[in-house]
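Chemist: First the structure, then my questions, so here it is.
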Amino acid sequence: MHYHPLTEEDRREMLEAIGVRSFKDLLAGIPTKLRGREISVAESASELELRREITRIGQTNLSTQNALSFLGGGSYDHFIPTSVPQILSRNEFYTAYTPYQPEASQGTLQAMFEYQSLIAELTGMAVSNASHYDGATSLAEAGLLALRHTGRRKVLVARSVHPHYREVLRTYLEAADFALEEIGFDADGQFGRDEFQDILTEEVGAVVFQTPNFLGVVEDLQGVADQVHAKGALSILITNPISLGVLRPPGEWGADLAVGEGQVLGIPTNFGGPYLGYFAATGELMRKIPGRLAGMTIDREGKRAFVLTLQAREQHIRRERASSNICTNEGLCALAACLYLTLLGKEGIREVGEINLDRAHYLRDEIGRLKGFQVDPRAPIFNEFVVRADRPFAEICSRLIPRGILPGIDLVSFYPEMKGAFLVCATETKTKEDLDRFVKELSSTG
Amino acid sequence: MLIDPESKLSFEKSRPGRHGAKLPKSHFTKKSASSLIPEPLRRRRPAELPELTEPEVVRHFVNLSKKNFSIDTHFYPLGSCSMKYNPKVNEWAAAEPSFAGVHPLQPEETAQGWLRICYELEQDLKEITGMDRFTLQPAAGAQGELCGMMMVRAYHASRGEPNRRKVLVPDSSHGTNPATAAFLGYEVVEVKSNTRGRVDLGSLRRSLGSQTACLMLTNPNTLGLFEEDILQITEMVHKAGGLLYYDGANFNALLGIARPGDMGFDIVHLNLHKTFTTPHGGGGPGAGPVGVKERLVPFLPIPLVEKCGDRFSFDLNRPQTIGRLKSFHGQAGMLLRAYVYIRTLGSAGLKQVSEDAILNANYLKERLKDILPVAVDEPCMHEFVLSAKAAKEKGIHALDIGKRLLDYGFHAPTVHFPLVVPEALMIEPTETESKETLDRFIEALTQIAREIDENPDLVRNAPHSLPIRRPDEVLAARHPILTYRDWLRESTQQGGTKGEFESKEEPRLSFRS
């Protein structure tokens with residue numbers, strides 16, 4: 001086996017040094033009843049054969065390589081500068097362990113510190129952790145933090161929050177015997193203000209909104225944080241970080257916890273993972289944040305150094321009193337985001353936001369002109385929007401997919417009342433020709 | 001604070017007007033961005049991200065990478081972490097655009113390749129562990145544990161026994177076990193180890209009762225020892241009405257050797273980033289698939305992947321499921337890497353993994369035990385624990401030995417864990433290290449043992465040859481600087497120069513410690 005350096009001679013010498021006659025003697029502690037069963041997995045293949053096979057299996061997927069995709073809904077196709085995957089493939093980054101030995105991990109630790117700084121800057125929050133599994137689990141941990149902090153038992157979540165996020169939040173809250181209640185949305189896609197005010201009681205420990213929400217609508221959250229705080233609850237805001245060069249960030253909305261999906265920052269869509277949950281908070285909540293934190297300090301010679309810090313919150317120190325059980329997080333994905341944001345910089349993050357605004361608005365205007373399709377031209381959007389068709393979405397798919405176009409996400413599976421509606425996304429990756437072709441193909445389904 | 005140019009932050013290298021990415025300029029709407037979005041919804045103050053060109057960014061990060069140890073540059077005998085070689089063909093597969101460029105919400109018929117990988121990986125993991133079904137959803141081992149314990153809870157609730165509120169955990173367990181149980185509101189009961197480092201059956205018997213929900217066990221345990229009484233243990237827990245949870249952090253010892261399913265475990269999590277060679281990435285992403293026995297299948301999280309004829313599909317309609325654990329379908333990219341690894345090795349290769357891992361560990365243990373005593377001197381599985389308590393008289397701790405190893409070009413073992421061994425050094429060589437490397441490691445520890453006798457300060461003050469000396473962790477925790485903004489505030493308050501090169505200055509931060 002080409003990954004296993006021991007030779008037969010090594011094995012003999014080593015058994016001799018150990019002082020046993022055969023390898024089996026080393027397994028004496030395993031009850032005989034459990035031994036001797038040969039496992040049988042799929043047949044082994046050479047590297048060349050395996051690569052051919054993987055290529056062949058890959059051909060049964062439609063991907064951005066061979067299709068024009070207008071899918072968003074929490075996972076987005078964005079331009080990734082070539083230097084991002086180049087740096088990520090540095091062996092010293094991707095084959096390193098969690099930086100428990102700071103002297104041997106200054107690269108990882110400084111990158112973590114820079115990532116935290118970038119996320120804090122982008123979200124307008126005081127602190128960020130070193131990453132979480134994904135946007136949905138980040139939200140779940142934020143909900144639990146808020147309930148622990150307030151000593152309350154209920155979370156309110158807008159129904160316009162990503163359906164998977166709400167499901168994951170429910171899984172975590174139910175397992176800890178906490179309650180969850182939803183806030184509906186109005187015809188314009190904005191959360192229902194009256195309903196929100198009615199159910200915002202003193203039992204509520206946290207309120208969750210997402211902007212742009214799952215329907216693509218940028219929520220107007222004017223006054224929301226104040227209302228939430230007046231009731232003694234915390235405000236949790238989910239945002240799309242790539243929108244924050246142009247859209248008002250959680251810090252400017254007065255959020256206590258800012259969470260969401262960092263996949264848009266340099267990570268491919270990867271069929272849903274690995275992704276990057278970002279998790280940022282106000283300074284007040286710093287010592288309650290789950291997960292790793294990198295901090296700046298000095299070494300014994302007074303030199304700048306970086307370490308994992310505030311570890312008293314964590315499972316390997318606190319065991320059953322830890323603030324979360326998380327240990328392995330999404331280190332390399334956080335590095336991707338760190339690289340992406342550093343490359344784009346102050347101007348680039350605004351620019352990419354503006355291009356997304358432009359592409360989505362152009363496409364919405366064009367689709368709005370088609371017979372048999374309706375859009376809401378007044379809804380504030382970032383890079384995706386709802387289209388209502390007077391024919392079944394399946395019909396549109398069956399015409400467009402064979403032509404190499406993935407037209408959008410069917411909304412009826414998430415919101416039963418939204419029959420005929422689908423979600424369309426256009427990012428900076430789309431050219432004018434791409435958008436015009438999509439519109440033309442859509443019109444031909446009529 | 002002394003800041004050498006090598007540890008300057010990207011923010012400190014920033015110059016207004018530089019940018020590191022070229023984006024498409026053309027606008028299709030002919031409208032300004034500000035006219036597209038109402039003013040109250042717009043950002044007011046720009047995000048102060050660094051301004052650097054691409055070559056500066058690349059040099060910055062390549063130089064940072066050089067300050068890391070990694071498995072591709074160093075031996076990492078880190079117990080319970082299975083730091084083994086990460087095959088490059090795995091990385092090739094995961095980067096293939098035909099996989100990486102697939103959107104998770106594409107119609108199933110356009111993602112058949114991905115679904116096939118998930119399905120086939122599940123079949124292999126079932127065979128390897130002896131479990132009946134797997135969820136591939138969990139993002140890491142700790143989330144796998146959470147998933148498993150949520151199923152324990154759902155299982156007991158479904159049988160009208162929600163009062164089973166106690167989770168048993170051996171005193172040698174990983175910190176995540178009690179943390180996970182407590183996260184779900186369980187009362188954690190510690191089970192004692194016996195003098196041979198195994199679960200003490202008397203202690204276990206006394207802890208079991210009508211409130212027992214589950215025993216969480218690592219086998220081989222964190223001392224690297226196989227629980228010889230495992231069949232009795234699982235029987236005792238089952239008789240008391242509890243379930244058995246297998247912490248798969250130490251699974252590298254068992255491929256083709258023994259299966260948790262045959263031992264009587266009901267739930268198993270695996271760390272694909274340990275046994276199945278997906279890279280650690282400096283702290284993730286990992287993946288923590290969870291396998292269960294038939295009676296727990298109804299509670300698995302959604303979605304599962306089903307095969308019908310030649311077609312693969314997601315099953316979302318599972319009424320008793322604990323729900324969704326993660327958006328979309330888990331850490332797909334890591335699943336593909338693990339699939340490629342299993343396919344490369346095949347059944348015989350997998351068995352060789354554990355055999356060589358066990359052989360390497362026993363060889364190291366045998367050669368090292370005269371230098372530092374072994375916690376339990378018996379044949380071990382894939383790892384073992386040494387105790388440096390004798391060195392303590394000279395004021396040397398296990399941590400110091402680990403730090404000194406860094407100077408010799410070896411990553412430190414896991415130190416001060418498991419908690420049941422004083423001054424523990426937990427060593428796991430894995431199967432991808434050669435005998436020559438192990439011999440060099442033995443030489444290094446022999447040399448360090450000599451240093452402890454002759455010049456303990458050399459060890460106590462180690463490392464001496466790395467980018468930094470020992471950092472002040474107490475200062476970091478007491479006075480947290482977690483972002484560049486924190487540092488700016490700090491350096492401004494202290495009359496600093498915003499991160500200018502300050503090589504000649506006295507350390508200032510230390511005044512506060």
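Each value in this text was obtained by applying a stated rule to the coordinates, not by laboratory testing. Worth saying up front: this structure is predicted, and the values here are computed from it rather than measured. Every residue, glycine as well, gets a Cβ built from its backbone with ideal geometry; the counts of neighbours run over all protein chains shown.
Chemist: Taking a ≥ b ≥ c as the square roots of the Cα gyration tensor eigenvalues, with a/c under 1.5 meaning rounded and otherwise prolate when a/b beats b/c, else oblate, which class fits region A:36-111?
Modeler: In terms of gyration-tensor shape, oblate.
Chemist: Residue by residue through A:82-94, how many Cβ atoms from other chains fall within 10 Å of the Cβ on average?
Modeler: 6
Chemist: What nm value, rounded to one decimal, do you get for the distance between A:ALA28 and A:LYS371 when each label is placed 7 Å out toward the C-beta?
Modeler: Using points 7 Å along Cα→Cβ, the separation is 8.8 nm.
Chemist: Could you work out the relative contact order of chain A, using alpha carbon pairs under 8 angstrom and six or more residues apart, expressed as a whole percent?
Modeler: It comes to 19 percent, rounded to a whole number.
Chemist: Follow-up question, since we're still on this one. As an exercise, take the mean of 1/r over every pair of distinct alpha carbons in region A:1-46, invert it, and state the Kirkwood radius in angstroms.
Modeler: It works out to 13.3 Å.
Chemist: A further question follows. Compute the long axis of helix A:106-123 from its Cα atoms, compare it with the longest principal axis of the Cα atoms of chain A, and write down the angle in degrees, 0 to 90, nearest 10.
Modeler: Computed tilt is about 10 degrees.
Chemist: Can I ask one more? With +1 on each Lys and Arg Cβ and -1 on each Asp and Glu Cβ, how big is the dipole of region B:407-459 about its Cα centre, in debye rounded to the nearest 20?
Modeler: 120 debye
Chemist: Using the Karplus equation 6.51 cos²θ - 1.76 cosθ + 1.60 (θ = phi - 60°), what ³J(HN,Hα) coupling, rounded to whole Hz, does each residue of region B:198-211 give in order, writing x for Gly and Pro?
Modeler: My calculation for region B:198-211 gives 9, 4, 7, 4, x, 4, 5, 4, 5, 7, 7, x, 6, 9 Hz in order.
Chemist: Would you mind classifying the protein assembly as shown by shape? Square roots of the alpha carbon gyration tensor eigenvalues, ordered a ≥ b ≥ c; an a/c under 1.5 is rounded, otherwise it is prolate if a/b is larger than b/c and oblate if not.
Modeler: It comes out prolate by the Cα gyration axes.
Chemist: Skipping prolines and chain starts, which residues have an amide H placed within reach, meaning under 5 Å, of the one on A:THR297, given they are 5 or more residues away or on another chain?
Modeler: Correct list: A:ALA305, A:PHE306, A:VAL307.
Chemist: Determine the alpha carbon to alpha carbon distance for each of A:LYS288/B:LYS274; B:LYS8/B:LYS403; B:LYS66/B:LYS274; A:LYS430/B:LYS25 and list only those over 21 Å.
Modeler: With Cα atoms farther than 21 Å apart: A:LYS288/B:LYS274; B:LYS8/B:LYS403; B:LYS66/B:LYS274.
Chemist: Taking H placed 1.01 Å from N in the peptide plane, check which residues at least 5 places from B:LEU78 or on another chain put their amide H under 5 Å from its amide H.
Modeler: Long-range HN contacts for B:LEU78: B:MET83, B:GLU428.
Chemist: Tell me whether chain B comes out rounded, prolate or oblate; compute the Cα gyration tensor, take square roots of the eigenvalues as a ≥ b ≥ c, and use a/c under 1.5 as the rounded threshold.
Modeler: oblate
Chemist: Out of all DSSP beta bridges with both ends in region B:91-344, state the antiparallel percent to the nearest 5.
Modeler: In region B:91-344, approximately 45 percent of DSSP beta bridges are antiparallel ones.
Chemist: Taking the convex hull of the Cα atoms, report for region B:91-344 its projected area averaged over all directions, in nm².
Modeler: Taking the Cα atoms of region B:91-344, their convex hull projects to 13.5 nm² on average.
Chemist: Can you figure out the FRET efficiency of B:ILE371 with B:ASP4, using R₀ = 25 Å and their beta-carbon distance, to the nearest 0.05?
Modeler: 0.10
Chemist: Something else now. Looking at the protein assembly as shown, send over the antiparallel percent of its DSSP beta bridges, to the nearest 5.
Modeler: 55 percent
Chemist: Moving on to the next point. Output the direction-averaged projected area (hull surface divided by four) of the convex hull of the alpha-carbon atoms of region A:89-246, in nm².
Modeler: Mean projected area for region A:89-246: 11.1 nm², to one decimal.
Chemist: Can I ask one more? Hey, if you put +1 on the Cβ of every Lys and Arg and -1 on every Asp and Glu Cβ in region A:1-113, which of A:VAL41, A:THR95, A:PRO5 ends up farthest toward the positive end of that dipole?
Modeler: Farthest towards the positive pole: A:VAL41.
Chemist: Here is a further query. Taking only Cα atoms, what is the 0 to 90° angle, nearest 10, from helix A:47-58's long axis to the longest principal axis of chain A?
Modeler: Once rounded, the angle reads 20 degrees.
Chemist: With a cut-off of at most 16 other beta carbons within 10 Å, and DSSP calling the residue loop, which chymotrypsin sites (Phe, Trp or Tyr not before Pro) in region B:364-443 qualify? Please list them.
Modeler: For chymotrypsin sites (Phe, Trp or Tyr not before Pro) across region B:364-443 that sit outside H, G, I, E and B with at most 16 neighbouring Cβ atoms in 10 Å, the list is empty.
Chemist: Can you give the FRET efficiency for B:SER434 and A:ARG153, using 1/(1 + (r/R0)^6), R0 = 60 Å, r = Cβ-Cβ distance, to the nearest 0.05?
Modeler: Rounded to the nearest 0.05, the efficiency is 0.60.
Chemist: Once the other residues with Cβ under 9 Å from the Cβ of B:ARG485 are scored (Lys, Arg +1; Asp, Glu -1), what is the net sum?
Modeler: -2
Chemist: OK, next. Find the centroid of the Cα atoms in region A:47-107 and in region B:85-102, then give the distance between the two in whole Å.
Modeler: Here the two parts' Cα centres lie 6 Å apart.
Chemist: Which whole-number percent gives the relative contact order of region A:320-401, counting Cα pairs below 8 Å spaced six or more residues apart?
Modeler: 20 percent
Chemist: Run the numbers on chain B and let me know its relative contact order in percent, using alpha-carbon pairs under 8 Å that are six or more apart.
Modeler: It rounds to 19 percent for chain B.
Chemist: Here's something else I'd like to know. Under the Karplus relation 6.51 cos²θ - 1.76 cosθ + 1.60, θ = phi - 60°, what is the ordered set of whole-Hz ³J(HN,Hα) values for region A:427-443, x standing for Gly and Pro?
Modeler: So the Karplus estimates, Gly and Pro as x, are 9, 5, 6, 8, 8, 4, 4, 4, 5, 5, 5, 4, 4, 5, 5, 4, 5 Hz.
Chemist: Determine, from the Cβ-Cβ distance of A:ARG399 and B:ASP72 and an R0 of 51 Å, the FRET efficiency 1/(1 + (r/R0)^6), rounded to the nearest 0.05.
Modeler: Approximately 0.55, to the nearest 0.05.
Chemist: How much net charge surrounds A:ASN213 when only the other residues with a Cβ under 12 Å from the Cβ of A:ASN213 are counted, with Lys and Arg +1 and Asp and Glu -1?
Modeler: Here the charged neighbours net out to -3.
Chemist: Right, another one. Net charge within 13 Å of A:LEU363 by Cβ-Cβ distance, Lys/Arg positive one each and Asp/Glu negative one each, not counting A:LEU363 itself?
Modeler: That works out to -2.
Chemist: What list of ³J(HN,Hα) couplings, whole Hz, do you get for region B:399-414 from phi and the Karplus terms 6.51, -1.76, 1.60, once you set θ to phi - 60° and write x for glycine and proline?
Modeler: 4, 5, 5, x, 5, 5, 4, 4, 4, 7, x, 10, 5, 5, x, 5
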